[in-house]
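FYI, it's all coordinate maths here, none of it is from the lab. None of these values were measured; they are calculated from a predicted model. Glycine gets a Cβ as well: all are built from the backbone with ideal geometry, and neighbour counts include every protein chain shown.
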Amino acid sequence: MQSKLAVEIAGLRLSNPTMLAAGILGMTKLSLRKVAKAGAGGVVTKSIGLMPRTGYSNPTVAQTDCGILNAMGLPNPGIEYFAGEIGGARISGCPLVVSVYGFSTEGFVKVAREAENAGADALELNVSCPHVGKTGSEIGQDEALLEKVVRSVKKATHVPVFVKLTPNVTDIVKCAKAAEKAGADAVVAINTVRAMAINAETMTPILGNKFGGLSGPAIKPIALKCIYEIYEQVSVPLIGCGGISSWRDAVEFMLAGASAVQIGTAVAFKGLDVFKSVTNGIDAYMKMKGLSNVKEIVGLAHKH
């Protein structure tokens with residue numbers, strides 16, 4: 001079962017096509033190891049910066065009818081401290097991807113280097129956070145700046161570099177092509193969609209930051225469209241992210257062109273069993289369709 005479900009992305013071998021998305025249970029070595037043992041094919045840490053950051057004041061999370069709205073503000077202990085967590089989080093057979101962010105090209109490079117030195121199997125550049133100024137989506141929305149950041153990190157490191165794109169742009173395909181041109185080894189699509197919530201009783205925005213990012217079922221159709229469009233224009237592997245909570249969701253993303261999928265919000269709703277559930281479902285789907293390898297699913301929707 002494992003061999004036919006195994007996926008290789010930029011030299012990283014995943015035992016199955018599911019990954020933990022950044023921002024969920026990715027802050028400590030213990031939580032990351034727990035996710036790996038639960039059946040994830042790969043794990044992505046919470047986004048880490050050069051210096052410690054406390055993030056925004058509460059409330060930072062709000063549940064909606066169709067997902068979760070959050071404006072955490074990228075809280076993290078800084079790469080110097082987190083380097084110790086990286087070393088202890090690694091489990092044989094489950095690649096550890098460290099999500100990094102910066103407020104400048106130099107910032108991205110410094111964090112990426114330290115993460116690699118600490119033992120990261122790959123890096124995921126967060127150029128898509130929708131609620132922190134001068135980083136995240138402000139970089140991901142600027143194709144020239146995006147290209148500069150990716151190219152600089154690639155030049156300074158030796159592990160695969162994934163680029164997580166924002167859907168909050170006019171044309172995500174142009175951003176994906178800029179990342180590919182700069183040397184990205186894979187593209188992750190998408191991060192959360194910029195959104196907000198208001199309390200009718202208090203007549204005020206619910207989140208402390210007013211605006212945040214929406215994740216969960218509501219953004220799945222958006223993410224699916226992004227993967228489908230990007231697949232037709234770039235040649236690097238794609239990793240789908242956004243509203244994936246079942247094997248059917250995962251298969252749909254793979255049919256659209258994703259080689260693997262990241263699961264985040266569903267962990268909060270369904271628990272860690274979601275990884276095995278999705279993997280087992282993909283396996284059953286392959287048997288039903290007479291497919292011998294999970295790679296055969298990738299991009300099939302473009303041929304029908």
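Residue exposure proxy: 101, 56, 285, 81, ordered by other Cβ atoms within 10 angstrom of their Cβ from fewest to most, comes out as 81, 285, 56, 101. Dividing the helix sum by the residues of the chain, where each DSSP H run of 4 or more adds -39500 (n - 2.57), gives a mean residue ellipticity at 222 nm of -10500 deg cm²/dmol.
Across region 49-207, counting alpha-carbon atoms alone, Rg and Dmax equal 16.4, 53 Å.
Taking 0.36 nm per residue of separation and subtracting the Cα-Cα distance, full extension of the segment from residue 181 to residue 296 would add 38.8 nm. For region 146-220, the gyration tensor built on C-alpha atoms gives a prolate shape. Its axis ratio a/c (a ≥ b ≥ c) is at least 1.5, and a/b is the larger of a/b and b/c.
Quick check: from the Cα gyration tensor, does region 2-302 come out rounded (a/c under 1.5), prolate or oblate?
Since a/c stays below 1.5, the shape of region 2-302 is classed as rounded.
Using the structure shown, select from 181/295; 174/210; 110/181; 154/177; 37/295 the pairs with a Cα to Cα distance greater than 27 angstrom.
Numbers: 181/295 24 Å; 174/210 29 Å; 110/181 22 Å; 154/177 16 Å; 37/295 23 Å.
Result: 174/210 exceed 27 Å.
If you take the Cα centroid of region 6-40 and the Cα centroid of region 259-288, the two points sit 12 Å apart. Extension gain for the segment residue 145 to residue 63, taken as residue separation times 0.36 nm less the Cα-Cα distance, is 26.2 nm to one decimal. Between residue 198 and residue 80, full extension at 0.36 nm per residue minus the direct alpha carbon distance yields a gain of 38.7 nm. If you restrict to DSSP beta bridges whose two residues both lie in the chain, what percentage is antiparallel, to the nearest 5? Of all bridge pairs located within the chain, approximately 40 percent are antiparallel. Label-to-label distance, residue 30 versus residue 174, with points set 7 angstrom from Cα along the beta-carbon direction: 4.7 nm. Could you work out the relative contact order of the chain, using alpha carbon pairs under 8 angstrom and six or more residues apart, expressed as a whole percent? Rounded, it is 18 percent for the chain.
Quote the relative contact order of region 94-186 in percent (integer), defining contacts as alpha-carbon pairs under 8 Å separated by 6+ residues. Provide the component values of the computation, followed by the final result.
Numbers: 169 pairs, mean separation 26.4, N = 93.
Relative CO of region 94-186 lands at 28 percent.
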